[in-house]
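S.K.: Got a structure for you, written out below as structure tokens; questions coming shortly.
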Amino acid sequence: MESIINKVKALSHSINLNEQKISHFIIEQQFDLSKFSATKVGVRLGISDSSVIRYAKSLGCSGFPDLKLKLAALTSQTKKLSTQSVYAEIESSDSTQAIIEKSKILFANKIEQSLSLIDFNIIEQCAELLLNANKILLSGIGASALVAADINYKLIRSGFNVQFNQDYHIQIVQASLLNKDDILLVVSARGNTQEILTTIEKAHNNGAKVIALTRYGKGKVAQLSDFVLPYSYTEEHNQLGMVTPQLLQMITFDILFFKINTMTDPVSMNTALDSLRQFNDNTIYI
């Protein structure tokens, strides 16, 4: 499935209402905008045509006509797409096998959507920043703290100087102590958590760069960060308490982690691994 389609579907869950409206409209039209201009779409949705044009550019298009052309080339594929969430299709009468099959489709589709949102240039820039950072501070609260803890473990094993504390008050204090040679990496599922925004502000005040692992779109966290690693976020995930957002966040970071490992000094990594092995050898299990 093409990246532009996945971007439209991801933005249908955006915090930005205009992005939501336009995305839902495009999906309702089965991605066929051949009969519409930016002005007509704006009138239909009660928004300005400039908002429609900005939306097209946010998808990587030069303007609305370019968006129409790119979608037209994909019309044969998109006619078959369902606009319903898999959650809406799971019913009380479904067998366990049916639930497993529907879940398989959900996870596969969401992983595909998230991976298609990743810009390889951003991955390369973030990898370079992390490799050259004096210190990396991780920030995340709630379920996102679980993802931050996973990232913390991976980076430590690779020999990086990393800090992470699950207490968000301490995260804010640590961010205020960063400098221009440090990196703040924040994890935010919905992209508008106030504590994370405060952490970003503190880091920026001291000249530190910020990398955000957050939902695709114009969330506040994304807007305030220097670099964004996006993933496909669906509100139903949060409402149902599913682990899907955390899995997608981890997979998105793993792409960056794979790149980092191709560039990491093997001496630093071996030193970190040797320390872990020595610790494990000396650990007494009861």
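The values are calculated or read from the model by the stated rules, or taken from the named source; none is laboratory data. If you're wondering where the values come from, they're calculated on a predicted model, not measured in any experiment. Neighbour counts are summed over all protein chains in view; Cβ atoms, including those assigned to glycine, are modelled from backbone coordinates with ideal geometry. We work out accessible area using only protein heavy atoms, side chains counted, and drop any ligands, DNA or RNA first. Shrake-Rupley method; radii C 1.70, N 1.55, O 1.52, S 1.80 Å.
S.K.: Tell me, in nm to one decimal, what length is gained between Asn121 and Ile99 on full extension, where the rule is 0.36 nm per residue of separation less the Cα-Cα distance?
M.R.: Net length gain for the segment: 4.1 nm.
S.K.: Pairs Lys154/Lys180; Lys135/Lys202; Lys57/Lys259: which are spaced more than 21 Å apart, C-alpha to C-alpha?
M.R.: In this structure, Lys154/Lys180; Lys57/Lys259 exceed 21 Å between Cα atoms.
S.K.: Rounded to the nearest 10 Å², what accessible area does His204 show when all protein chains are kept and the probe is 1.4 Å?
M.R.: Looks like 70 Å² after rounding.
S.K.: Check the straight Cα-Cα distances from Lys104 and name the lysines below 26 Å, setting aside those fewer than 8 residues away within the same chain.
M.R.: The reachable lysines, counting only those whose Cα sits under 26 Å from Lys104, are Lys7, Lys9, Lys79, Lys80.
S.K.: FRET efficiency for Leu177 and Tyr153, Cβ-Cβ distance as r, R0 = 22 Å, nearest 0.05?
M.R.: For Leu177 and Tyr153, the calculated efficiency is 0.50.
S.K.: Full extension from Gln194 to His169: what is 0.36 nm times the residue separation minus their Cα-Cα distance, to one decimal in nm?
M.R.: Extending this stretch completely gives an extra 7.8 nm.
S.K.: Give me the extension gain from Glu28 to Asp66: residue separation times 0.36 nm, minus the current Cα-Cα distance, reported in nm with one decimal.
M.R.: Separation in residues times 0.36 nm, less the Cα-Cα distance, equals 11.7 nm.
S.K.: Cα centroids of region 160-199 and region 1-73: how far apart, whole angstrom?
M.R.: 34 Å
S.K.: Also, I was wondering about something else. Of the listed peptides 246-256, 183-193, 94-104, what is their order by residue-averaged count of other C-beta atoms within 10 Å, with the highest listed first?
M.R.: 183-193, 246-256, 94-104
S.K.: Could you tell me whether region 126-220 comes out rounded, prolate or oblate from its Cα gyration tensor? Rule is a ≥ b ≥ c as square roots of the eigenvalues, rounded for a/c under 1.5, then prolate if a/b exceeds b/c, otherwise oblate.
M.R.: Note, shape of region 126-220 comes out rounded.
S.K.: Taking amide hydrogens as modeled 1.01 Å from N in the peptide plane, which residues meet the under 5 Å criterion relative to Arg215, leaving out close sequence neighbours?
M.R.: For Arg215, the qualifying residues are Gly191, Tyr231.
S.K.: How would you classify region 1-52 from its alpha-carbon gyration tensor, with a ≥ b ≥ c the square roots of the eigenvalues: rounded for a/c under 1.5, else prolate if a/b is greater than b/c, otherwise oblate?
M.R.: oblate
S.K.: Taking a 1.4 Å probe, which of Arg54, Arg157 shows the most accessible area, and what order do the others take after it? Kindly include the intermediate steps, with their values, before the conclusion.
M.R.: On the way: Arg54 125, Arg157 90 Å².
Putting Arg54, Arg157 in descending order of accessible area: Arg54, Arg157.
S.K.: Going by a ≥ b ≥ c, the root eigenvalues of the Cα gyration tensor, does region 86-178 fall in the rounded group (a/c under 1.5), the prolate group (a/b larger than b/c) or the oblate group?
M.R.: prolate
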